[in-house]
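The structure appears below as structure tokens.
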Amino acid sequence: MSKIAFFYSFNPSSWISCQKIVFNLLKSYQAISGDEHKYYHFNDDTDLGTILSQVKELKDWGAEKIVLLDHKPHPLPVLNFLHQEYLMNSEKPELIIHIYGDFSLHYRQWSMAQSLLTNWKVKWFCASERQANYFKPLLNDPSSVDVCPFPIESNPYSYQKSIRDEQRKEWKVTDDQKVLIYTGRLSLQKRIHTLIKYFAMVKKDHPNYRLHIYGEFDNIADPFFGIWQPEGKYFSDVMRLVASLPENVQKDIYWFGGVSNNDLPRAYHGADLLVSFSVHHDEDYGMTVAEALSCGLPCLLSDWAGYASFKLKGIEDWVHLVKVSLRKSGRLLSTKEIKESLTELVPTLSHAPRETISKVGLDYFSISSCSKKITDHLKHPAKKFTGFSPLFEKINLAHVNFNNPYVYPHPMRFNKLYKEIYHPYVRTN
Amino acid sequence: MLEQINTHLKSSRYLMENSNYLGLKRELWPKVSGDLYPLAHDYYHNLNPFFGFNAVNFDFFKTFPAVTLRDGGFPLACFYTQKFPRLLNSEQTILVHKDCEHFVPGQLKNKTLSYKMVQPRRIKIEEAKQIIIVGVLSDQMILDKEKIEKKLEILASCSNDAKIKIFLQTRKNPFDLTYSEPQLTSPLTFSLFKKLKTTPEFLTTHKLMGLSFLKDSYVINLSTDNYIISDSFTDFLLSSKGATIHEWDTPSDTDSLLNVNVSLFHHMEVNQIKKESIFNELIFMKKSSIVSDPLYDPYLFANFKRVF
């Protein structure tokens, strides 16, 4: 039995996928029987006095493990007070830190935290194998990194035929029609323009297919590549692309806008294929894909970062990955493999074993499954933090000194540093 | 004119795609631009939304075949009184907000169109699960406080269960040459709170920007009476997430000259200018002003209220 203290924001994150991730991770810890828990609210509004009293309280309580569960804000103030309070204690609690995609936005803060973590035993959790492959070279001791996927609630994310029938009736979709679906942010790095072009290719052979797009446009653009966009720019670009397509393609693209998390399971049930060509920095996991698979939905994905983890044993035929190459000019999706999916995956959707896909998915992502993974990882004691690696320092310096640390300007080209850091995100063969 | 716009839409000559746009010296823009953040924040659609009061480098401004002016009546009047001679020789098509179209000089009517934002899908305030009240207030920005009081009466119709979120920034007078304390906003805020049925949540700019899934939300903009800004960034942002904007309409029954998609949930209707111009009266006001720059002349400002 362990005494575990958790730091996270009790208020849902503005980052939609993280709203679910944090609370599902917490449930995974709560499912471990026999542990005692204490929860501490930590977000942007938490003042330093509150954090100090939280840290004093958990020390008096005798916490054995401290879990930093959330993706933001950066836990620097918490680490600072932990460092002060436990300065004279040779026995310190273990720190368990879940790494999210936004790790790459906080190199400077992590660099500042380095001295605070000295003498602490730290276990790092990444959400996918490829994220772990990206993260391990940033540490002097890569063996302190484990993989724990972000969990999914089995209810409502498990396949039920009745929900599918109901949703398709609401959409007015007949049995001979197939629905391709995308859910998530509508952003340049999510390659919505590639998705639209892909759908136009699908329509040539399958006039009955439709594309349903759920999500809101944003202006994040591609800052690592030095691309800035005002609000509304990407929307206008995508609409210009849509307007250039034949009428029969345009009319079968349905825009639903943003919908609440409650509406998504039904949409996944009703659809026939999830398509996402995202090359987003940093797509550490892909909560959308995990949810879709748990609803038994076949997937066509870019072979990029966390997405690669979804080609699970037993459903390999129903998760197609399209190769991404790191070129100086950007992240390029393989046209050949996109075209292959048109003949290998798209015509076979009627035969998808929805229940099997759902079962295999949940065996891997469900809260109980993740709880078991966490239990197994926690059996091995954490190791003393030995600092960030020279590669980490190199990236940190690049971020401190340059607005666009990964590109050569005029014309924009990715530099060697970019490839050095992000090569674990792509397939090598 | 319409042909020119269509040619522009097919071309790639867009203001914000132009690398020069990022390089514009924003420190030359009048401080009113920053004082009204986030209402005056940049956003994009295919007809180049821009503020006339930021058109410091007119040679750069006029290179774009079509520009939508987001200015409200007061800066728009200043824009025309200052730039009129140069606009006469320009081939550019300018779009102004429908409520400000009477400031366009008669001689420029053949180069100018009017626009308004419309939402095909709107909800009634009674149906809203969330009411968002937005405002950047200062004495001089509020043309008519009775009008705002009247606008707030609509809150009586909202459901008792509706959540209320308030983004109400009190800023200094953007037309001040020296600092003065804002005085009107406090009574107005007090009046607002009397009308609320539930305890509101106050939004910071950061939280406002992070709002999403707003199809059940109804937005009341207290600072938009088209006086300083006629096309606010906050209205754009919240509508692009699905919210209904109180001040906007459903699409017109009659055909408009052109519709331009601005977000998934709203578009811009473009039409010919219909109102009579009052530009000559503006010229008279400018001539009788003792201050060279009417944008910062509070006396002229008081006069201006008569013609708006």
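The values are calculated or read from the model by the stated rules, or taken from the named source; none is laboratory data. All values derive from a computational prediction rather than experimental measurement. We place every Cβ from the backbone using ideal geometry, glycine too, and count neighbours over all the protein chains shown.
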Revision key, fill the gap. Of the residues in region A:204-218, those that are farther than 24 Å from B:HIS266 by Cβ, in contact (Cβ under 8 Å) with a residue 40 or more places away in the chain and assigned to a loop (DSSP other than H, G, I, E, B) come to A:HIS206, A:PRO207, A:TYR209
Review point. Which members of region A:142-161 meet the condition of being within 24 Å of A:PRO77 (Cα to Cα) and not polar (S, T, N, Q)?
Key: A:VAL145
Point to revise | Criterion: at pLDDT 95 or above and either over 30 Å from A:ASN219 (Cβ atoms) or of a type in the set (A, V, I, L, M, F, W, C) (or both) - qualifying residue of B:VAL118, B:VAL104 | key: B:VAL118
Review point. Does A:ALA271 fit the bill of being in contact with an Asp or Glu (Cβ under 7 Å, 6 or more places away or on another chain), over 20 Å from A:ASP363 (Cα atoms), of a type in the set (Gly, Ala, Ser) and away from chain B (no Cβ under 14 Å)?
Key: no
Practice item. Would you tally the residues in region A:299-347 being touching a Lys or Arg at 6+ places or on another chain (Cβ under 8 Å), part of a helix (DSSP H, G or I) and among the small types (Gly, Ala, Ser)? Key: 4
Check your understanding: Here are A:LYS323, A:LYS311: which of them is in contact with an Asp or Glu (Cβ under 9 Å, 6 or more places away or on another chain) and either touching a residue at least 24 places away in the same chain (Cβ under 8 Å) or of a type in the set (S, T, N, Q) (or both)?
Key -> A:LYS323
Practice item. Could you please find all residues in region B:193-202 being without any contact (Cβ under 8 Å) to a residue 40 or more places away in the chain and either at the interface with another protein chain (Cβ under 9 Å from one of its Cβ atoms) or part of a loop (DSSP other than H, G, I, E, B) (or both)? Key: B:THR198, B:THR199
Point to revise | A:LYS65 among the basic types (Lys, Arg), closer than 28 Å to A:ASP376 by Cα, modelled with pLDDT of 95 or more and within 29 Å of the chain's Cα centre (by Cα) | key: yes
Exercise for review: From the list A:GLN131, A:GLN109, A:GLN167, pick out the single residue that is under 23 Å from the mean Cα position of the chain (by Cα), in a helix (DSSP H, G or I) and within 30 Å of A:ARG266 (Cα to Cα).
Suggested key: A:GLN131
Revision key, fill the gap. Reported set for region A:139-164 where residues are within 30 Å of A:GLN114 (Cβ to Cβ) and assigned to a loop (DSSP other than H, G, I, E, B) is A:ASN140, A:ASP141, A:CYS148, A:PRO149, A:PHE150, A:PRO151
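Could you list all residues from region A:280-298 that are in a loop (DSSP other than H, G, I, E, B), on the phi < 0 side of the Ramachandran plot and at pLDDT 95 or above?
Residues satisfying the conditions are A:CYS295, A:LEU297, A:PRO298.
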Check your understanding: Looking at A:LEU188, is it surrounded by fewer than 20 Cβ atoms within 10 Å (Cβ to Cβ) and either aliphatic (A, V, I, L, M) or touching a residue at least 60 places away in the same chain (Cβ under 8 Å) (or both)?
Key -> no
Check your understanding: Residues in region A:210-233: is at least one modelled with pLDDT of 95 or more and away from every other protein chain (no Cβ under 14 Å)?
Key -> yes
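Does region A:240-268 hold any residues that are facing chain B (nearest Cβ under 7 Å) and either β-branched (Val, Ile, Thr) or surrounded by fewer than 21 Cβ atoms within 10 Å (Cβ to Cβ) (or both), and which are they?
A:TRP255, A:VAL259, A:SER260
Test of understanding: among A:LYS323, A:LYS311, A:LYS359, which residue is modelled with pLDDT of 95 or more, under 18 Å from the mean Cα position of the chain (by Cα) and among the charged types (D, E, K, R)?
After applying the criteria, what remains is A:LYS311.
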**Study point:** Tally, over region B:220-249, of residues that are away from chain A (no Cβ under 14 Å) and touching a Ser or Thr at 6+ places or on another chain (Cβ under 7 Å)
**Key:** 4
